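The values are calculated or read from the model by the stated rules, or taken from the named source; none is laboratory data. Keep in mind that what you see is a predicted model, and the values were worked out from it rather than measured. Please note: Cβ atoms are built from the backbone with ideal geometry, for glycine as well, and neighbour counts cover all protein chains shown.
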Amino acid sequence: MNAADVMSRTVIAISQDAPLSQAVRLMVDNHISGLPVLDQAGRAVGILTEGDLLQRVETGTAGKAAGWLSAIFAPGRLAGTYVQTHGRRVSDVMTLEPITIDEATSLADISELMRARRVKRLPVTRDDKVVGIVSRADLVHALAKELDSPAASASDIVIRNAILAELASQPWAPRRSFTVAVEDGVVDIDGVVFDVRERDAIRVAAENVPGVKQVENRLVVVEPNTGMLMVGPADEEAQRDADEARTRG
């Protein structure tokens, strides 16, 4: 999937010359955490987010007054901060040079960009004009749709080969210390690993293969230096019983 598949096509935006109060009211009334700031041609020239509004004189969150040393050596920086915390126009407060994407940007690239740049929403452009917005919420909605999709069916041999192929592609997965058997869509995993995280990851790899109905994870975890048993099937069963008891309670 790409940006065009998940983006919100109704763009709630603001002009850079608009009063800050208007922008804030738009954010509050529409329950959104940010607004693209557009010029008269519809191009993104900035973005106004909740992060830009964290330090404001009106709410007493502007921060402490700078000391005399800062006033001597960094007056320009202090002046910029004053505009950010006291300005009443969108252009005073917005973040310049917003990160934008196009409609063909993959969800993988969008997710990586959001994490790397620590942003919650990205304007989507076509011919330099904003035509949509992709937010973290849009990615969550896409995930919900995929998780709710009907389970596929597959033969036992296809399921087993898919599990083994997935594990073979993962650098963390052991190669020879476990076995996988499949019968009527139920996967039995037996063997030994040396880290409980590997045990969980092998289970998850199996659960994600289309056609799998259930995974019986009988892997045991052994401490590599002492050979001491750390986790075994009994622990898995005890945890499952505890989870069921909490659900009933």
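Can you find a residue that is assigned to a strand (DSSP E or B) and modelled with pLDDT of 90 or more anywhere in region 67-84?
Step one: of region 67-84, the residues assigned to a strand (DSSP E or B) are none.
Within region 67-84 (the criterion being assigned to a strand (DSSP E or B) and modelled with pLDDT of 90 or more), the answer is no, since none of the residues qualifies.
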Subject >> Meets criteria (in the same structural domain as K129 (by TED's automatic domain parsing), within 24 Å of D128 (Cα to Cα) and over 24 Å from the mean Cα position of the chain (by Cα)) for V90 >> reply: yes
**OP:** Please specify each residue of region 176-218 satisfying the condition of being in a strand (DSSP E or B) and in contact with a Leu (Cβ under 9 Å, 6 or more places away or on another chain).
**Re:** F178, V180, I189, D190, G191, V192, V193
**OP:** Return the pairs, sorted by first residue and then second, in which the second residue is loosely packed, with under 13 Cβ neighbours inside 10 Å and of a type outside the set (A, V, I, L, M, F, W, C), the first residue lies in region 109-135 and is assigned by TED's automatic domain parsing to the domain that holds T10 and over 17 Å from L48 (Cβ atoms), the beta carbons are less than 8 Å apart, and the residues are 6+ apart or on different chains.
**Re:** V131/R9; G132/R9
Original post:
Which residues, taken from region 180-193, are surrounded by 13 or more Cβ atoms within 10 Å (Cβ to Cβ) and in contact with a strand residue (DSSP E or B) (Cβ under 6 Å, 6 or more places away or on another chain)?
Top reply: V180, V186, V187, D188, I189, D190, G191, V192, V193
Subject >> Residue that is at pLDDT 95 or above and surrounded by 17 or more Cβ atoms within 10 Å (Cβ to Cβ), where the choices are V134, V119 >> reply: V134
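Please determine whether any residue of region 33-49 is assigned to a helix (DSSP H, G or I), surrounded by fewer than 16 Cβ atoms within 10 Å (Cβ to Cβ) and among the charged types (D, E, K, R).
Looking only at region 33-49, we keep the residues that are assigned to a helix (DSSP H, G or I), and these are none.
Checked region 33-49: no residue is assigned to a helix (DSSP H, G or I), surrounded by fewer than 16 Cβ atoms within 10 Å (Cβ to Cβ) and among the charged types (D, E, K, R).
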**OP:** Within region 154-173, identify whether any single residue is surrounded by 18 or more Cβ atoms within 10 Å (Cβ to Cβ), touching a helix residue (DSSP H, G or I) at 6+ places or on another chain (Cβ under 6 Å) and not assigned by TED's automatic domain parsing to the domain that holds V11, and answer yes or no.
**Re:** yes
**OP:** Tell me, yes or no, whether region 212-223 has at least one residue that is without any contact (Cβ under 8 Å) to a residue 12 or more places away in the chain and not aromatic (F, W, Y).
**Re:** no
